[in-house]
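Please read the structure below before turning to the comments.
The values are calculated or read from the model by the stated rules, or taken from the named source; none is laboratory data. Everything quoted here is computed from the prediction, not taken from an experiment. Methodologically, a virtual Cβ is constructed for each residue, glycine included, from the backbone with ideal geometry; neighbour enumeration extends over all protein chains shown.
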Amino acid sequence: MFELETLIRPNIRAMKPYSSARDEFTGEAQVMLDANENSLGSAGPTQFNRYPDPLQRAVKAELAELKGVEPAQIFLGNGSDEAIDLLVRLTCTPGGADSILLLPPTYGMYEVAANLNDVRLERLPLTADFQLSPDIVAGVLASPAKLVFLCSPNNPTGNLLHAAAIAEILRGFRGLVVVDEAYADFAATPSWTTRLAEFPNLVVLQTFSKAWGLAGLRLGMAFAAPEIIGYLNKIKPPYNISEATQQHALAALAAAPHFEELRQQLLAGRTWLAERLPALPIVAEVFPSDANFLLVRFRPDATAVYDYLLRQGIVVRNRTTQPGCAGTLRLTVGSAAENETLLAALRAFPA
Ligand SMILES: *Cc1c(COP(=O)(O)O)cnc(C)c1O
């Protein structure tokens, strides 16, 4: 049985969070002398002399509408990487018996967050076609881990994990189930945010770094029950999202048509590459993708292709050492011109 309180580190349950000046007074006053800010203004071209809203209320109001959730179900982080780190720290006492569960091959930051926090790792590899199987689901349900990360669509493989298997994990796992949907905007299936009411142990991660084109801004989202969001807010750095980021996020959310245009172009680029790559003699397999990248198996030597592309000034991601990914490179879908340059270079690979 899932019981949130038993998953939270005892010291975090007991601690009193930092109460900032902006928590204690949230209104508009004539004279703001409570936070040791500079009332004269800012160095540089833009006024940032006031601390930002620690709970990012304006951004969450817009996001709540876009995603069909309540503001109290939203956490914003300095990238979703901050949410990953906070979820590990929220549930796992460092250096002890607590563990997190990963399903490799998958996103590298889960392991880094565990290592940084001195938290044990358990691994249950995905099947050869990078899926959940009944055996793997049974393994997850039997695990004592505090947290399982399910990346869907998965990085670096590009595929969605079977929804029925994820639902089974959500129903039977005792810990938190984190579904990382960094690439959800490129998939045709509904987000797991639509099922938050059903699963009190579900945390959905999304990001502005991919389809929104805002990787440099550093803004990630976690969606979960208000109780979980409350704990994340309790342990986050008080002003984790800058005023510049909050203002830019509001502007981006108001530009939904541009977002949709970017998304459609990337989807078209993915199709364009996926249709042409299999014809190349050096390509052994193009894995199906619901993301903005393609995992491609090259023959006879993927690393030789990788090094060759580098010499042509084209950098892709070498995934040959990842479990189950021998011989593969991960190719991000770029602009139409970049996709053409990549394909032309691969065509010209000296046999
Ligand atoms: C890119 C990516 C993220 C995004 O991280 P940010 O910190 O929001 O930039 C998260 N999860 C996965 C699986 C990713 O590939």
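Details
- Selection from the range 51-79 of residues that are of a type in the set (Gly, Ala, Ser) and within 15 Å of residue 228 (Cβ to Cβ): 72, 77
- The set of residues in the range 72-97 being in a strand (DSSP E or B) and within 14 Å of the ligand (Cβ to nearest atom) consists of 75, 76, 77.
- Residues of the range 42-60 satisfying the condition of being surrounded by 10 or more Cβ atoms within 10 Å (Cβ to Cβ), in a loop (DSSP other than H, G, I, E, B) and free of Cβ contacts under 8 Å to residues at least 60 places away in the same chain: 42, 49
- Within the range 100-136, the residues that satisfy the criterion of being within 16 Å of the ligand (Cβ to nearest atom) and either outside any loop (DSSP other than H, G, I, E, B) or farther than 28 Å from residue 285 by Cα (or both) are 100, 101, 102, 109, 110, 111, 112, 113, 114, 116.
- Every residue from the range 333-351 that is of a type in the set (A, V, I, L, M, F, W, C) and modelled with pLDDT under 95: 351
- All conditions in (1) surrounded by fewer than 23 Cβ atoms within 10 Å (Cβ to Cβ); (2) under 28 Å from residue 332 (Cα atoms) hold for residue 172, with the sole exception of (2).
- Hits in the range 238-254 - residues which are in contact (Cβ under 8 Å) with a residue 12 or more places away in the chain and either in a helix (DSSP H, G or I) or within 16 Å of the ligand (Cβ to nearest atom) (or both): 240, 241, 242, 243, 244, 245, 246, 248, 249, 250, 252, 253
- Criterion (of a type outside the set (A, V, I, L, M, F, W, C), touching a Gly at 6+ places or on another chain (Cβ under 7 Å) and surrounded by fewer than 17 Cβ atoms within 10 Å (Cβ to Cβ)) met by exactly one of 129, 118: 118
- Residue 295 satisfies every condition listed in (1) in the same structural domain as residue 336 (by TED's automatic domain parsing); (2) assigned to a helix (DSSP H, G or I) except (2).
- Some residue of the range 46-56 being in contact with a strand residue (DSSP E or B) (Cβ under 6 Å, 6 or more places away or on another chain) and away from the ligand (no atom under 16 Å from the Cβ): no
- Any chance residue 279 is surrounded by 15 or more Cβ atoms within 10 Å (Cβ to Cβ) and either in contact (Cβ under 8 Å) with a residue 60 or more places away in the chain or not assigned by TED's automatic domain parsing to the domain that holds residue 26 (or both): no
- Residues (within 24 Å of residue 209 (Cβ to Cβ) and not hydrophobic (A, V, I, L, M, F, W, C)) located in the range 269-312: 269, 270, 271, 288, 289, 290, 292, 306
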